[in-house]
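Let me begin by presenting the structure, written as structure tokens, before commenting on it.
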Amino acid sequence: MSAFLQRKTTLCFALSVLALASLSAAAQSAPATLSGFQATASLTGLTHTASGIELSNAVSTLKIDAMRPDVLRVRIYPNGHPAEDASWAVLPEARTSRIAVTAEDAGFSTSALRIAVDAELRIVVSDLAGNVLQRDAAPAAWDGTGFKVSKQKTGDDHFFGLGDKPGPLDRAGESFVMWNTDSFGWQESTDPIYKSIPFFLEMHGGRSIGVLFDNTFRTYFDFGHERADRYTFSAPDGPLDYYLLYGPEPKRVIETYAWLTGPTPLPPLWALGFQQSRYTYIPRTKVEEIASRLRADKIPSDAIYLDIDYQDHNRPFTVDQGSYPDFPGLIHELAAEHLHTVLITDPHIANLPHQGYKAYDTGEAGDHFVKRNGENYVGPVWPGPSVFPDFTRQQTRAWWGTLYKDFVADGVAGFWNDMNEPAVFTYPTKTMPDDVKYRIDEPGFSPRTTTHLEIHNIYGLENSRGTREGLLALQPNVRPFVLTRASYAGGQRYAATWTGDNSSTWNHLRQTTPQLLNLGLSGFSMSGADVGGFAGSPSPELLTRWLVLAAFQPIDRSHAAKGTRDHEPWVDGPEQENIRRRYIEERYRLMPYLYTTAEETSHDGVPILRPLFLEFPHAASDSHPLDQDAPGEFFFGPSILVAASPSPEEVAPYTVVLPSGLWYNYWTGEKLDRRAPLGSRDLEIRDPTVTDTPALQPIMVQPSLGELPLYVRAGSIIPMQPLVQSTEEKPSGPLTLRVFPGDNCHGDLYQDDGKSFDYRKGAYLRLHFTCNVEADGSLTVTIPKREGSFTPWWTAFRIEAVGWTPSATQAVVGGHRSTLEHTTLGWAVTIGDNGKPQTVVLR
């Protein structure tokens with residue numbers, strides 16, 4: 001960089017006038033970026049740095065750094081009082097990343113963005129074509145330690161993210177507060193609930209930008225609720241520190257968010273299986289009864305959860321020996337049936353000094369509990385008076401991890417961190433008092449004491465971090481499974497999550513899809529909702545429809561509260577059970593596809609459950625998110641579109657909206673040509689200037705109780721396996737490659753041992769399949785050379801061609817001919833797999 005770019009200029013009044021002249025010149029050369037600003041002669045300092053710009057006026061200092069060409073970090077602070085440069089959410093290597101920029105009179109540019117700032121420190125971010133991506137509507141406003149950031153908003157702006165907040169998928173027109181809250185009985189209008197994930201994706205005019213507002217205090221977001229022409233985010237304290245992530249495609253923004261805060265790690269394979277839970281299966285014989293019935297009724301399953309009643313007087317890390325005699329024996333008994341046990345371990349520790357309670361004694365000896373007025377803070381929770389670990393201390397998290405030693409030795413497979421908002425039975429706050437003290441001792445942070453106001457929203461994040469890190473310390477080569485109720489941005493690095501204590505209502509079934517979609521967009525790819533609803537007793541039809549839908553969600557866990565009727569698949573008789581079993585079975589047949597998607601997520605952060613706009617951001621002619629036209633629809637992985645009813649309690653027909661292109665009915669193989677007439681991207685609206693081409697007719701469906709419409713995008717190859725009763729059971733038969741011919745036809749497969757980290761040493765299998773319909777009508781499927789050293793369970797491939805008609809009903813592989821088999825979906829052939837590349841030609 002030149003000396004000009006590196007020197008700092010301190011401005012007096014005369015130099016301030018020069019700065020304003022530069023702003024005026026920039027406005028003439030780039031009117032799209034500066035129009036609307038009213039500059040004032042208030043600058044007191046300006047520095048062009050190697051990676052951005054720093055400006056000051058009489059009140060504040062603004063620093064903007066380019067971390068990548070498409071990622072900016074914006075910090076504003078009162079003059080002379082910079083906030084600590086630290087983060088619980090952002091990865092250190094990302095937070096410190098910087099690139100060289102090109103200085104401009106009023107800002108700077110990268111190879112993707114142009115940034116302009118006026119003398120009131122208002123910011124405009126544009127792409128290089130001059131399209132405004134984000135514009136400050138007003139200077140950052142300060143009120144003591146609090147502040148508000150205001151951005152311009154139009155009626156065409158759409159907002160997504162913020163985790164599992166209830167309500168519509170699109171946040172436009174709504175407002176929210178971030179304050180993790182134990183919210184039993186939440187409803188669609190309830191806010192806040194369990195998580196605070198201050199990240200959102202904004203879409204406007206076919207371009208997307210993401211914002212992470214990295215402030216752990218009680219923060220506020222308003223997407224046009226107060227004023228339709230602006231959106232705001234604010235906080236009463238803490239740093240004004242936010243990141244801008246440019247697409248322009250929304251999927252690119254999500255991938256960048258994973259670069260910034262980390263992706264969801266690859267889970268153990270069993271965590272993708274069906275999970276059965278209840279508050280609580282007690283005594284031991286009830287647990288054995290549930291396990292026996294799952295296997296006797298041949299309902300594929302992989303996990304049973306034990307809620308707080310397995311503990312002695314609800315005290316974490318204890319066992320009620322009266323109700324659960326020989327607890328290790330129970331765990332081993334379940335493991336012999338290929339059922340993994342998941343135990344709840346809440347963060348509160350019963351306040352029992354000198355009573356032989358190990359969790360308390362060791363915690364007190366290590367001074368690991370939060371303080372109030374110089375003493376351990378004590379608050380009422382499930383065990384009664386309880387103390388709470390200070391998870392902001394690395395030594396406390398390490399101690400917490402040691403508490404799992406006995407359970408891990410017993411063979412417990414996973415752990416469930418509940419009540420970690422943290423919840424306290426004190427109303428109306430439902431949490432610790434604001435003045436509870438934490439003693440931060442964490443790499444990257446200055447050691448200091450702070451209050452609950454700053455730490456509350458990250459308590460669940462650091463609780464789940466301590467659990468994951470502790471399990472890794474105990475079993476370094478076993479992938480942990482941790483489920484957390486509360487978290488913050490970046491929490492996906494440590495735990496899966498669920499939507500908390502939902503209810504057994506049709507509305508909560510309907511809420512599940514937007515909640516999980518927004519969780520996925522917020523980093524939490526491994527997420528679920530209590531199937532059947534936690535609070536209340538679902539009708540037979542509601543439970544069936546919920547179990548059917550959950551088969552196509554990342555985590556499939558049935559859970560219920562005390563005092564409710566049973567939620568297990570076999571309740572309500574054989575007819576309902578058969579439907580429920582069928583869809584759970586289909587999930588297990590799709591396990592290779594689901595596991596491959598989970599592995600891809602662990603690299604790129606693209607969620608397992610996806611809104612339509614993530615795969616088809618320009619499906620509508622005006623670039624509005626197609627999900628607005630199809631509120632019940634979503635993608636399960638990259639290829640399968642689930643078209644659930646937007647009103648599942650209704651019996652009336654509803655419209656299925658498919659993005660433009662060729663599609664296949666997953667169940668029947670029927671090909672659906674949904675290519676919009678004459679290139680129009682608006683699926684259901686005919687171009688009024690065209691008179692000789694009919695508009696596409698809507699797809700109307702009226703599925704019965706046992707039907708869920710699924711569609712596959714043309715050009716997909718979906719790997720499937722024979723039915724098993726658990727993910728630990730070795731499938732018997734070939735791996736199926738179900739081919740749906742179309743443009744750019746391809747599919748991926750990833751396999752490993754499903755439990756260890758040996759894949760990091762090359763013990764995995766990765767295959768990228770392709771297919772093509774040739775000019776003579778034949779279908780060519782290419783199987784490449786294996787990548788990785790893992791040996792898979794199959795020795796043959798079964799290739800199933802859907803929606804394709806042969807001329808000779810033959811398959812040619814390496815010069816050998818086989819006769820094609822006619823199936824309900826199309827035509828199939830089975831070939832051997834010796835691990836070498838093969839080309840299969842179906843004629």
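The values are calculated or read from the model by the stated rules, or taken from the named source; none is laboratory data. Keep in mind that this is a model prediction, so the values were computed, not measured. A quick note on method: Cβ atoms are made from the backbone with ideal geometry, for glycine too, and the neighbour counts reach across all protein chains shown.
Key figures
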item	result
Helices (runs of 4 or more DSSP H) wholly inside the range 413-524 that include at least 3 residues being aliphatic (A, V, I, L, M) and either in contact (Cβ under 8 Å) with a residue 60 or more places away in the chain or closer than 30 Å to Pro385 by Cα (or both)	459-474, 506-521
Verdict on Glu54 being within 30 Å of Arg493 (Cα to Cα), in the same structural domain as His158 (by TED's automatic domain parsing) and either at pLDDT 95 or above or not in a loop (DSSP other than H, G, I, E, B) (or both)	no
Selected residue [free of Cβ contacts under 8 Å to residues at least 60 places away in the same chain, of a type outside the set (A, V, I, L, M, F, W, C) and buried (at least 22 other Cβ atoms within 10 Å of the Cβ)] from Ser386, Ser323	Ser386
Subset of the range 435-472 that is hydrophobic (A, V, I, L, M, F, W, C) and over 22 Å from Asp752 (Cβ atoms) - its residue that is farthest from the chain's Cα centre (by Cα)	Val436
Matching helices (runs of 4 or more DSSP H) fully within the range 527-626 where at least 1 residues are over 25 Å from Glu650 (Cβ atoms)	574-589, 591-604, 612-615
Flag if Gly167 is modelled with pLDDT of 95 or more and of a type outside the set (A, V, I, L, M, F, W, C)	yes
Scan of the range 78-112 for residues that are at pLDDT 95 or above, within 19 Å of Leu55 (Cβ to Cβ), touching a Ser or Thr at 6+ places or on another chain (Cβ under 7 Å) and crowded, with 22+ Cβ neighbours inside 10 Å, ordered by number	Val101, Phe108
Positions within the range 627-658 being closer than 22 Å to His746 by Cβ and assigned to a loop (DSSP other than H, G, I, E, B), in sequence order	Gly637, Pro638, Ser639, Leu658
Selection from the range 376-398 of residues that are in a loop (DSSP other than H, G, I, E, B) and under 27 Å from the mean Cα position of the chain (by Cα)	Asp390, Phe391, Thr392
Of all residues in the range 535-549 being free of Cβ contacts under 8 Å to residues at least 60 places away in the same chain and out of contact with any helix residue (DSSP H, G or I) (no Cβ under 8 Å at 6 or more places or on another chain), the one that is surrounded by the most Cβ atoms within 10 Å (Cβ to Cβ)	Gly536
Residues that are touching a strand residue (DSSP E or B) at 6+ places or on another chain (Cβ under 8 Å) and among the polar types (S, T, N, Q), drawn from the range 132-173	Gln134, Ser150, Gln152, Thr154
Search result, residues across the range 707-727 that are touching a helix residue (DSSP H, G or I) at 6+ places or on another chain (Cβ under 7 Å) and under 15 Å from Pro592 (Cβ atoms)	Ile718, Pro719, Met720, Gln721, Leu723, Val724, Thr727
Checking Asn420 against (1) touching an Asp or Glu at 6+ places or on another chain (Cβ under 9 Å); (2) in the same structural domain as Asp312 (by TED's automatic domain parsing); (3) closer than 23 Å to Asp309 by Cβ; (4) surrounded by fewer than 23 Cβ atoms within 10 Å (Cβ to Cβ), the condition it does not meet	(4)
Odd one out for Gly363, checked against (1) in the same structural domain as Ile282 (by TED's automatic domain parsing); (2) touching a residue at least 24 places away in the same chain (Cβ under 8 Å)	(1)
Pairs, first outside any loop (DSSP other than H, G, I, E, B) in the range 710-726, second of a type in the set (Lys, Arg), C-beta under 6 Å, six or more apart	Ile718/Arg738; Met720/Arg589; Met720/Arg738
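Okay, residues lined up against (1) touching a residue at least 60 places away in the same chain (Cβ under 8 Å); (2) on the phi < 0 side of the Ramachandran plot; (3) part of a loop (DSSP other than H, G, I, E, B):
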residue	(1), (2), (3)
Pro731	yes, yes, yes
Thr736	yes, yes, no
Thr770	no, yes, no
Thr780	yes, yes, no
